[in-house]
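Heads up: the structure comes next, in structure tokens.
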Amino acid sequence: MQDLLNRWGVKMDYNLLLEMWNESQRSYHTQTHLADLIRQINEVKGLSEKQYDKLMLCALFHDIVYEPTRSDNEERSAEFFENCCSTKDNPDLLEVKQ
């Protein structure tokens with residue numbers, strides 16, 4: 001997974017991402033949920049490498065910022081993802097953010 005992040009210019013350590021997915025306040029959006037998403041992506045047939053990579057990035061960051069009392073976790077996670085990107089004008093990365 002670190003190779004994926006590096007290849008797309010996402011300045012984030014994969015181990016830190018996993019730590020974030022394991023924060024104590026999480027009940028559903030946990031490493032188990034992330035592993036399930038990754039398993040489902042791996043089961044999809046016919047994806048191009050780019051499509052696969054973009055889905056994996058979406059899975060990794062979709063609720064990386066998670067506070068149970070807030071209703072804007074998805075938006076904050078998208079901003080977090082964008083802040084991790086080395087370039088802000090890549091249309092594929094903008095699609096992942098959206």
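The values are calculated or read from the model by the stated rules, or taken from the named source; none is laboratory data. All figures in this text were calculated on a predicted structure; none of them were measured in a lab. Positions of Cβ are backbone-derived with ideal geometry, glycine not excepted, and every protein chain shown enters the neighbour counts. Ligands, DNA and RNA are stripped out before the accessible areas are found, and what is left, the full protein with its side chains, is counted by its heavy atoms. Shrake-Rupley method; radii C 1.70, N 1.55, O 1.52, S 1.80 Å.
Details
- Filtering Leu57, Leu94, Leu18 for residues that are touching a residue at least 24 places away in the same chain (Cβ under 8 Å) and of a type outside the set (Ser, Thr, Tyr) leaves a single hit, Leu57.
- Among the residues of segment 9-63, those identified as among the small types (Gly, Ala, Ser) and surrounded by 11 or more Cβ atoms within 10 Å (Cβ to Cβ) are Gly9, Ala35, Ala59.
- Residues being closer than 18 Å to Asn42 by Cβ and in a helix (DSSP H, G or I) - total across segment 1-16: 6
- Hey, Arg70 part of a loop (DSSP other than H, G, I, E, B), among the charged types (D, E, K, R) and open to solvent by 80 Å² or more (accessible area, probe 1.4 Å) or not: yes
- Residues in segment 75-98 that are open to solvent by 20 Å² or more (accessible area, probe 1.4 Å), closer than 17 Å to Ile64 by Cβ and not in a helix (DSSP H, G or I): Gln98 alone.
- Residue match in segment 52-61 (condition: farther than 18 Å from Met20 by Cα, outside any helix (DSSP H, G or I) and more than 12 Å from the chain's Cα centre (by Cα)): no
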